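First comes the structure, then the notes that go with it.
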Amino acid sequence: MYASREDIGYDFGDDSKVGSKPVKPNPNIDGGWAWMIVLSSFLVHILIMGSQMALGILNMEWLEEFNQSRGLTAWVSSLSMGITLIVGPFIGLFISMCGCRKTAIIGGILNALGWILSAYASNVHYLFLTFGVTAGVGSGMVYLPAVVMVGQYFQKRRALAQGLSTTGTGFGAFLMTALLKYLCTEFGWRNAMFIQGAISLNLCVCGALMRPLSPKDVSEKYVVRSNSVENQAKVLSHSAETIKSNGALSEELEKKEEAANEDVLDSVQHIEIGGKSRNGRNMYGLRILKAVSQLTVTVRKGFAIWYSSYFGAASLFTNRVFVAFIIWALFAYSSFVIPFIHLPEIVKQYNLSSQNNIFPLTSIIAIVHIFGKVILGIISDLPCISTWNVFLMANFTLVTCILTLPLMQTYVGLAVVCALIGFSSGYFSLMPVVTEDLVGTKHLANAYGIIICANGISALLGPPFAGWIYDITHKYDFSFYISGLLYMVGIIFLLIQPCIQKKQPNEKSTEEAQV
């Protein structure tokens, strides 16, 4: 019997009280402007993730231009991809202070600046700073808000919405590869990066579309979720109670800080009113003081929310299942990246280059990956299906494919396994949904920032580790076997923790009965 996806969620407040209130649902949740948010996120995935998947074109140009080793040159692309994800927790701080819209617009400008400055690179180390760090941080500042906003605007169709928006990665891989190849051929790689920087300014437009929901709309979303749950969660009830109590404590602290901050602003406003009879210079100074005070209040409030999420009483790390989710993320992403790197060499080793040139195996993964995201999203949104169970089944399928891929020595066999890898890796679109189910919409930005940070570490270290294994064994097989086994360890953590969480309340009730 399947449980609903809220069975692993955290609902704040009393369900019985909330459910008794008649609430008119916001038309923008699951409809209306929500689909503009999906469009915005889709374009973000094309411009950021699609461009990063096409960096192989520029990597060849950099090798020819700077005459550096392949390993050193490859770090430019690895830094850009890794930093985009690793900065997630820090981007959560920006979102807490400025909101998703402003964060994304600033990130779009920073990303475009990184591309444009890279056009003037004189060596690879210059690209480390301009493209790896600058463009990478900018990409992270746009990517995380794009995912978070979809989670805020959707309740019933969250998985489908995330699936549709993240298909931009697959489309972007094809579009950006063709675009960069054409630009490099016609104008050279420096002008190509300059033009790509201009195109990246469209990320600011995508950010402008991220219209924030009002606090009233967010509360209505919580009511809709609580009304749709027939059987309250039992698997993670102990952990949910912990988050509720800690959340209440942090909210009390926030209210105290807000009261103190309001007193400061009121005093400034009082001085401003009293000073109207004075000259204009004093009025101008008071306006500046008021603006600085308001900025200070916003920064302090955002930092307090960010700090409490990670280190305070309501820390996300008190949720054991979420911690297991982080451990899983440390091993998962590299298992998806490694086939893209080593498949061409495996094809050459098995003398299948002629068939692979007609229809590359990596293209099979990319194409099926698009359909996998959408189909898994539709399945997860069915009332009788648990998103958590779909997520686990997709992970089991992917790890099985990773372990069996080296055993395939024919093009047909490799194509079938690659198709399964592409489809099962569609669970990436479910990651924001599962994260939201674990911690709630309020903590989604900070929580998902931690998850993609773990994915970034995996993407940054996984491929070099696989190359190191090849240097020792002179076989690609062991790279797949070791990454697959590490991936399996992460999945086991996901399976063990819910069982522990389920067992703890039972033990507690038994002890109370004995007393």
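The values are calculated or read from the model by the stated rules, or taken from the named source; none is laboratory data. Predicted model only: the values in this text are computed from it and were never measured. Methodologically, a virtual Cβ is constructed for each residue, glycine included, from the backbone with ideal geometry; neighbour enumeration extends over all protein chains shown. The accessibility values were calculated without ligands, DNA or RNA, using every heavy atom of the protein model including side chains. Shrake-Rupley method; radii C 1.70, N 1.55, O 1.52, S 1.80 Å.
Some notes on this structure:
- In segment 187-231, residue least open to solvent (accessible area, probe 1.4 Å) [restricted to those that are outside any helix (DSSP H, G or I) and either at pLDDT 55 or above or under 19 Å from LEU175 (Cβ atoms) (or both)]: MET210
- Those residues of segment 45-102 which are of a type in the set (D, E, K, R), modelled with pLDDT of 85 or more and farther than 19 Å from LEU201 by Cβ, in sequence order: GLU61, GLU64, GLU65
- The listed residue being polar (S, T, N, Q), within 26 Å of VAL321 (Cα to Cα) and free of Cβ contacts under 8 Å to residues at least 60 places away in the same chain, out of THR404, THR397, THR441, THR435: THR397
- Among (1) within 27 Å of TYR333 (Cα to Cα); (2) surrounded by fewer than 18 Cβ atoms within 10 Å (Cβ to Cβ), the one test that TRP75 misses: (2)
- Among residues that are open to solvent by less than 30 Å² (accessible area, probe 1.4 Å), of a type outside the set (Phe, Trp, Tyr) and at pLDDT 65 or above, LEU485 is not included.
- Listed by first and then second residue, the pairs with beta-carbon distance under 6 Å, at least 6 apart or on different chains, first residue in segment 170-185 and crowded, with 20+ Cβ neighbours inside 10 Å, second outside any helix (DSSP H, G or I) and modelled with pLDDT under 90, are MET176/ALA54; LEU180/ALA54.
- First in segment 124-136 and more than 13 Å from SER78 (Cα to Cα) and modelled with pLDDT of 90 or more, second anywhere and surrounded by 21 or more Cβ atoms within 10 Å (Cβ to Cβ) and of a type in the set (Gly, Ala, Ser), Cβ under 9 Å, 6 or more apart: TYR126/SER118; THR130/GLY114; THR130/SER118; THR130/ALA121; THR134/GLY114; THR134/SER118
- Test: MET408 is modelled with pLDDT of 90 or more and farther than 20 Å from ALA161 by Cβ: no
- Selection from segment 392-447 of residues that are under 20 Å from PHE371 (Cα atoms) and of a type in the set (Ser, Thr, Tyr): THR397, THR400, SER424, SER425, TYR427, SER429
- Test: residue in segment 427-441 that is open to solvent by less than 10 Å² (accessible area, probe 1.4 Å), modelled with pLDDT under 85 and under 21 Å from LEU343 (Cα atoms): no
- Residue in segment 138-148 that is more than 22 Å from GLY372 (Cα to Cα), open to solvent by 10 Å² or more (accessible area, probe 1.4 Å) and among the β-branched types (Val, Ile, Thr) present: no
- Take the conditions (1) open to solvent by 10 Å² or more (accessible area, probe 1.4 Å); (2) closer than 20 Å to PRO360 by Cβ; (3) part of a helix (DSSP H, G or I); (4) at pLDDT below 90; VAL374 misses just one of them, which is (2).
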